[in-house]
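Computed from the coordinates by the stated procedures, all read-outs in this text should not be read as laboratory data. Bear in mind the structure is a predicted one, so any value in this text is a computation, not a measurement. Reconstructed Cβ throughout: ideal geometry from the backbone, glycine too, with neighbour counts over all protein chains shown.
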Amino acid sequence: DGGITQSPKYLFRKEGQNVTLSCEQNLNHDAMYWYRQDPGQGLRLIYYSQIVNDFQKGDIAEGYSVSREKKESFPLTVTSAQKNPTAFYLCASSVGRDWWTEAFFGQGTRLTVV
Amino acid sequence: DQQVKQNSPSLSVQEGRISILNCDYTNSMFDYFLWYKKYPAEGPTFLISISSIKDKNEDGRFTVFLNKSAKHLSLHIVPSQPGDSAVYFCAASAGNMLTFGGGTRLMVKP
């Protein structure tokens, strides 16, 4: 079955540590996105990638890094520079550059800093 | 500065009645609008969309209305069912960027 998979579902991190969230899709989608959800603030764009080996900063990229070495994979690293990393993170993919077709979202990863 | 706003964080409706979820936007460059439904600890799923060249789009129990002059869109669910209870996000697109509202939690009571 085609889909988009995020792992792990729950993640705990100590302050000062980097952590990487996985996002894999087998939909053959070119575009992939990372969003962060906080209560009352909807989904805010962290990074997006339209093609392999290329990615762009979204609205809240500070403290995060990404890579796009393969079409299927778009991992997100939450670095120690991110001041408030506790949140629900969502990965999405879509067919192409625009959102005329609906986006497919993963199940999300809840990151908690302890 | 939020470009897409959902001013009602929650809405409670009786089963069988109409649910109306509202969304306002400020960016006149937005040309495509979508509604997503989200259950707890899951990713959002696409519900319905509308292009800026239309003022209404209908899909079964779901209808989205767009008022460009007021920069306002709404989602109507008729009749509402308990399974519709979820958080609903509106989203607006300008090119390859998608901006989400803060969400409205809909509770449909039996």
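Counting only DSSP beta bridges with both residues in chain A, the antiparallel share comes to about 90 percent. Derived scalar couplings between HN and Hα for the stretch A:64-75 equal 10, 9, 9, 9, 9, 7, 10, 4, 7, 10, 9, x Hz in order, rounded to whole Hz, by the Karplus curve 6.51 cos²θ - 1.76 cosθ + 1.60 (θ = phi - 60°), x for Gly and Pro. Each residue of the stretch B:53-60 is assigned a 3J(HN,Hα), and the resulting list reads 7, 10, 10, 7, 9, 10, 8, x Hz, derived from the Karplus form 6.51 cos²θ - 1.76 cosθ + 1.60 (θ = phi - 60°), x at Gly and Pro. Peptide B:99-110 shows a mean partner chain C-beta count of 2 within 10 Å per residue C-beta.
Semi-axes of the equivalent ellipsoid for the protein assembly as shown, computed as √(5λ) from the eigenvalues of its C-alpha gyration tensor and ordered from largest down, come to 30, 20, 16 Å. In order along the stretch B:67-75, the Karplus-derived 3J(HN,Hα) couplings, from 6.51 cos²θ - 1.76 cosθ + 1.60 at θ = phi - 60°, round to 10, 5, 5, 8, 6, 9, 9, 9, 10 Hz, and Gly and Pro are given as x.
Under 5 Å from the amide H of A:CYS91 lie the amide H atoms of A:TYR35, A:GLY106, A:GLY108, each residue being 5 or more positions distant or on a separate chain, with H modelled from the backbone and absent for Pro and chain starts. Scanning residues 5 or more positions from B:ARG17 or on other chains, those with amide H under 5 Å from its amide H are B:SER80, with H placed 1.01 Å from N in the peptide plane. Relative contact order for the stretch B:1-83: 33 percent, from Cα pairs under 8 Å spaced at least 6 residues apart, divided by residue count. Annotation: average projected area of chain B is 6.7 square nanometres, based on the convex hull of Cα atoms across all directions. Partner shielding of B:37-43 amounts to 5, given as the average count of beta-carbon atoms from other chains within 10 Å of each residue beta-carbon.
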